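Inspection log for the structure reproduced underneath, given as structure tokens.
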Amino acid sequence: VQLVESGGGLVQAGGSLRLSCVASGIIFSIRPMGWYRQTPGAQREFVAALANGGSSTIYADSVKGRFTISRDNTKNTMYLQMNSLKPEDTAVYYCNAGGYYSGRYYPSANWGQGTQVTVSS
């Protein structure tokens, strides 16, 4: 399994970024996918996830209403549209190919290398 994130960068507070995660080595269309983020010294935290068909999504309370997760199964790509960014959104963002059961996302050991998002105030 290979997951490659891109799209991070430096943006001012209130701005937007779109992250992408291209997956290979899995049957992408049937695999639940998720986004996590991590800051130095902290545990990796859940951001958002969607079920294989994309019909079910869940978000962390801290990003609800600002971030949108989506996928394009024809391109084996997952996205995270991030709007109204805040300095506290600054982190390395990782994508994950995991499981989705009973409305909950379960991360696997399949992680990408991460992409840095920095939001300046």
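The values are calculated or read from the model by the stated rules, or taken from the named source; none is laboratory data. It should be emphasised that the depicted structure is a prediction, and the values quoted were computed from it without experimental measurement. Counting neighbours? That spans all protein chains shown, and the Cβs are built from the backbone with ideal geometry, glycine included. Side chains are part of the model used for accessible areas, which takes the heavy atoms of the whole protein and leaves out ligands, DNA and RNA. Shrake-Rupley method; radii C 1.70, N 1.55, O 1.52, S 1.80 Å.
What the table below lists for this structure:
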| item | result |
| --- | --- |
| Selection within the stretch 74-91 - open to solvent by 20 Å² or more (accessible area, probe 1.4 Å) and within 16 Å of GLY34 (Cβ to Cβ) | ASN76, TYR79, GLN81 |
| Long-range neighbours under 9 Å by Cβ, at least six apart or interchain, first residue in a strand (DSSP E or B) within the stretch 24-38, second loosely packed, with under 12 Cβ neighbours inside 10 Å | none |
| Qualifying residue in the stretch 99-112 (condition: touching a helix residue (DSSP H, G or I) at 6+ places or on another chain (Cβ under 9 Å) and either of a type in the set (Phe, Trp, Tyr) or buried (at least 18 other Cβ atoms within 10 Å of the Cβ) (or both)) | no |
| Number of the condition not met by CYS21 [criteria: (1) in contact with a Gly (Cβ under 9 Å, 6 or more places away or on another chain); (2) in contact (Cβ under 8 Å) with a residue 40 or more places away in the chain; (3) more than 15 Å from GLY114 (Cβ to Cβ)] | (3) |
| Residue within the stretch 58-78 that is of a type in the set (S, T, N, Q) and touching a residue at least 60 places away in the same chain (Cβ under 8 Å) present | no |
| Any hit, the stretch 88-100, residues being part of a helix (DSSP H, G or I) and out of contact with any Cys (no Cβ under 6 Å at 6 or more places or on another chain) | yes |
| Unmet criterion (only one of (1) farther than 24 Å from SER29 by Cβ; (2) under 13 Å from the mean Cα position of the chain (by Cα); (3) not hydroxyl-bearing (Ser, Thr, Tyr); (4) not in a strand (DSSP E or B)) for GLN113 | (1) |
